[in-house]
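The structure under discussion appears below in the form of structure tokens.
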Amino acid sequence: MISKEFQELMRVDTIATAKALLGMQLYLDGQSIGRIVETEAYLGAKDSACHSAHGKRSPKNESMYLSAGHWYVYQIYGHQMLNLVTRAENIAEAVLIRALELPDGTLLANGPGKLTKFVGISKAFDGQNLQESRLQLAADALPLQISSRPRIGVTCVDHWREEPLCFYVAGNRHVSKIAKIGLLPDEETWKKSIDDEC
């Protein structure tokens with residue numbers, strides 16, 4: 001359900017993948033769940049906020065070391081976190097999917113733990129190949145504007161803590177932990193057509 005261009009992007013550029021995921025639809029068993037509105041990029045061994053920082057490898061993060069296009073699901077504070085692995089095998093970079101805009105407008109997936117609970121994502125998806133998984137992605141819409149900020153809840157104390165690697169659809173009310181001032185109606189945060197000029 002994803003293009004060859006996106007497959008190639010996943011293999012070469014984690015930050016660009018995090019931005020390209022914004023506006024994609026998440027599907028489970030062929031049913032559309034919602035549109036991705038927020039992501040975070042994690043950049044492997046050099047990124048001290050990443051699970052693979054300094055080459056750390058364990059059974060818990062082993063799926064991060066798979067090739068681009070695999071799901072990496074881990075648990076923190078009792079919540080499952082859904083990540084899409086990027087780059088080549090053994091590089092261990094990934095994108096956290098933080099929030100969805102749901103078709104009915106409810107705020108039931110505006111955070112990574114709420115998202116996985118709403119969709120029913122468990123550790124069983126960990127390590128699955130996107131092409132063969134029940135959990136799929138497909139192009140849907142393009143954000144009118146993408147904004148960035150530091151990642152939410154990272155605990156490292158060096159410069160990676162402030163790196164603006166959280167990307168989100170500007171003005172969209174489904175983004176997690178966002179100020180309520182200046183938010184727009186959902187439809188006004190997207191380009192009118194996926195073919196619209198930039």
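Counted residue by residue at 0.36 nm each, then reduced by the alpha carbon distance between them, the extension gain from residue 187 to residue 89 reaches 31.5 nm.
Annotation note: chymotrypsin sites (Phe, Trp or Tyr not before Pro) in segment 37-139 located in DSSP loop regions with a Cβ neighbour count of at most 12 within 10 Å are 77. The trypsin sites (Lys or Arg not before Pro) of segment 103-198 that DSSP puts in a loop, and whose beta carbon has at most 15 other beta carbons within 10 Å, are 134, 177, 180, 191, 192. With contributions of -39500 (n - 2.57) from each DSSP H run of at least four residues, the per-residue ellipticity at 222 nm computed over the chain stands at -3000 deg cm²/dmol. If you sort 159, 54, 174, 70 by accessible surface, 1.4 Å probe, largest first, the order is 54, 159, 70, 174.
Ordering 155, 39 by accessible surface, largest first, gives 155, 39; the 1.4 Å probe counts only protein heavy atoms, with every chain in place.
For segment 96-147 versus segment 14-30, the inter-centroid distance based on Cα atoms is 8 Å. Using the 1.4 Å probe convention, the accessible area of the chain works out to 49 Å² per residue with neighbouring protein chains retained.
Solvent-accessible area assigned to carbon and sulfur over the chain amounts to 53 percent, based on a 1.4 Å probe.
Sorting 136-143, 14-21 by their mean Cβ neighbour count within 10 Å, with the most densely packed peptide first, gives 14-21, 136-143. One chain, two ends: residue 177 and residue 5. Fully extended at 0.36 nm per residue, the span grows by 58.8 nm beyond their Cα-Cα distance. In this structure, the pairs whose alpha-carbon distance is over 25 Å, taken from 60/117; 114/180; 19/192; 60/180; 46/117; 56/123, are 60/180; 46/117. Across the alpha-carbon atoms of the chain, the computed radius of gyration and Dmax are 15.6, 45 angstrom.
Tell me which GluC sites (Glu not before Pro) from segment 10-109 have a DSSP coil assignment and no more than 15 other beta carbons within 10 Å of their own. Counting only loop positions with at most 15 other Cβ atoms within 10 Å, the GluC sites (Glu not before Pro) in segment 10-109 are 89. Between the beta carbons of residue 122 and residue 57, assuming R0 = 30 Å, the FRET efficiency works out to 0.85 to the nearest 0.05.
The values are calculated or read from the model by the stated rules, or taken from the named source; none is laboratory data. Note that this is a predicted model, so its numbers are computed, not measured. Cβ sites come from the backbone with ideal geometry, for glycine too, and all protein chains shown count toward neighbours. The accessibility values were calculated without ligands, DNA or RNA, using every heavy atom of the protein model including side chains. Shrake-Rupley method; radii C 1.70, N 1.55, O 1.52, S 1.80 Å.
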